[in-house]
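Structure, as structure tokens:
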Amino acid sequence: MDFAPEHDVPIPYLQRTRDYYLRLGYDNPYQWAHFAEVPFAPLRVPLARARVALISTAAPFQPGAGDQGPGAPYNAAAKFYRVYSESSEGTPDVRISHVGYDRVHTEARDPHSWFPLAQLQRAVKMGRIGALTPRFYGAPTNRSQRVTLQTDAPELLRRCREDGADVAVLVPS
Amino acid sequence: MSLVARHLEADGIPTVIMGCAKDIVEYCGVPRFLFSDFPLGNSAGRPFDVESQALTLELALRVLESAPAARTTVQSPLRWKDDASWKLDFSNLDRMTPEQLAERRREFDEIKAVARGKREQS
């Protein structure tokens, strides 16, 4: 039998990062969010008639905030801490130097690999989805789950409602 | 991002997450998840490969349409490389020297300080 190698499984990030930070000397491991119950809202509109919201953790390019790539080292100065929205027409310049992507195996040269706006625009043209909301939305990569739950998520919901979103596609980078 | 998906869903907006960190998203628990077994940073498909990006979105849309219940994960059939050894590199202590670890610690402290300053400003 020709089985795949044992390591050919999804990377165990929870264990890997926990071990990593413990070894670096930080003895209070990050508590990842974890729930027993998961909400589920059935789709009420066929996608061909639905208005789709894109939510991304990518950051708008900020002149003066240092190297933001491609290939930039982790750049905390390029982080953002408030929800933002920009027009979903055109091609916004959004980067991911502010998050811990895999810098060994990817260089963040093609925004389309973390930000599917162009593909969503194409899906509208092809009639696969009804429309995009007029804006896409930026979700801060805040390590504070309290801020995410109490501030950012309600604000993203508010903007999605304001823009008439029927469904949302969320893309962490 | 998983927390945001849950929040929207609880208010009646169906969601799908496109992502590369399977265990983190599933540990949180989300309604629908299209998982690409790619290095972090490629949630929307392979770089400079429009076909891969189109397929990744199409799969996410199908998950949105057809998930029968919460915690539905579908794994994209695309592979990053035939050789899976790239998966051994990410934050893998077995592959780092003590000097590299010390350097990583110094970098991380620096990053935290910058992030703190930025957060306090905003």
Can you go through A:TYR26, A:TYR30, A:TYR21 and tell me which one is farther than 19 Å from B:PHE33 by Cα, more than 7 Å from chain B (Cβ to nearest Cβ) and in contact (Cβ under 8 Å) with a residue 60 or more places away in the chain?
A:TYR30
Top-ranked residue in segment A:80-119 [being surrounded by 24 or more Cβ atoms within 10 Å (Cβ to Cβ) and small (Gly, Ala, Ser); ranked as nearest to B:PHE35 (Cα to Cα)]:
A:SER113
If you go through segment A:61-82, how many residues are charged (D, E, K, R) and within 8 Å of A:SER97 (Cβ to Cβ)?
1
Which pairs turn up if I take residues in segment B:4-23 that are in the same structural domain as B:SER43 (by TED's automatic domain parsing) and look for partners that are buried (at least 20 other Cβ atoms within 10 Å of the Cβ) and among the aromatic types (Phe, Trp, Tyr) with beta carbon separation below 6 Å, at least 6 apart in sequence or on another chain?
B:ILE17/B:PHE33; B:CYS20/B:PHE38; B:ALA21/A:TYR13; B:LYS22/B:PHE35; B:ASP23/A:TYR13
Has segment B:24-34 got at least one residue that is surrounded by fewer than 16 Cβ atoms within 10 Å (Cβ to Cβ) and closer than 20 Å to A:ILE55 by Cα?
no
Check B:ARG46, B:ARG71 and return the single one that is charged (D, E, K, R) and crowded, with 18+ Cβ neighbours inside 10 Å.
B:ARG46
Checking A:ALA58 against (1) closer than 29 Å to B:SER91 by Cα; (2) loosely packed, with under 14 Cβ neighbours inside 10 Å; (3) at pLDDT 95 or above, which single condition isn't satisfied?
(2)
Unmet requirement for A:PRO39, which otherwise passes all of (1) within 11 Å of chain B (Cβ to nearest Cβ); (2) assigned to a helix (DSSP H, G or I)
(2)
Looking at segment A:130-151 only, could you name the residues that are touching a residue at least 60 places away in the same chain (Cβ under 8 Å) and within 7 Å of another protein chain (Cβ to nearest Cβ)?
A:ALA139, A:GLN145
Given the structure, is A:GLY71 surrounded by fewer than 21 Cβ atoms within 10 Å (Cβ to Cβ), touching an Asp or Glu at 6+ places or on another chain (Cβ under 6 Å) and either in a strand (DSSP E or B) or more than 7 Å from every other protein chain (Cβ to nearest Cβ) (or both)?
yes
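For the structure I just gave you, tell me whether A:VAL104 is touching a strand residue (DSSP E or B) at 6+ places or on another chain (Cβ under 9 Å) and either over 16 Å from B:LEU8 (Cα atoms) or at the interface with chain B (Cβ under 9 Å from one of its Cβ atoms) (or both).
No; evaluated as a whole, the condition is false for this residue.
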Out of (1) at the interface with chain B (Cβ under 10 Å from one of its Cβ atoms); (2) under 25 Å from B:LEU78 (Cα atoms); (3) at pLDDT 95 or above, what's the single condition that is false for A:VAL124?
(1)
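Got at least one residue in segment A:94-102 being of a type outside the set (A, V, I, L, M) and touching a residue at least 40 places away in the same chain (Cβ under 8 Å)?
Going through segment A:94-102, the residues of a type outside the set (A, V, I, L, M) turn out to be A:95, A:97-98, A:100-102.
Filter again for touching a residue at least 40 places away in the same chain (Cβ under 8 Å), leaving A:98, A:101.
Scanning segment A:94-102, I find at least one residue that is of a type outside the set (A, V, I, L, M) and touching a residue at least 40 places away in the same chain (Cβ under 8 Å), so the answer is yes.
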Residue, modelled with the lowest pLDDT, within segment A:9-26, restricted to residues that are of a type outside the set (A, V, I, L, M) and loosely packed, with under 14 Cβ neighbours inside 10 Å
A:GLY25
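The values are calculated or read from the model by the stated rules, or taken from the named source; none is laboratory data. Because the structure is a prediction, the values reported are computed rather than measured. When we count neighbours, we look across all protein chains shown, and the Cβ atoms used for this are built from the backbone with ideal geometry, even at glycine.
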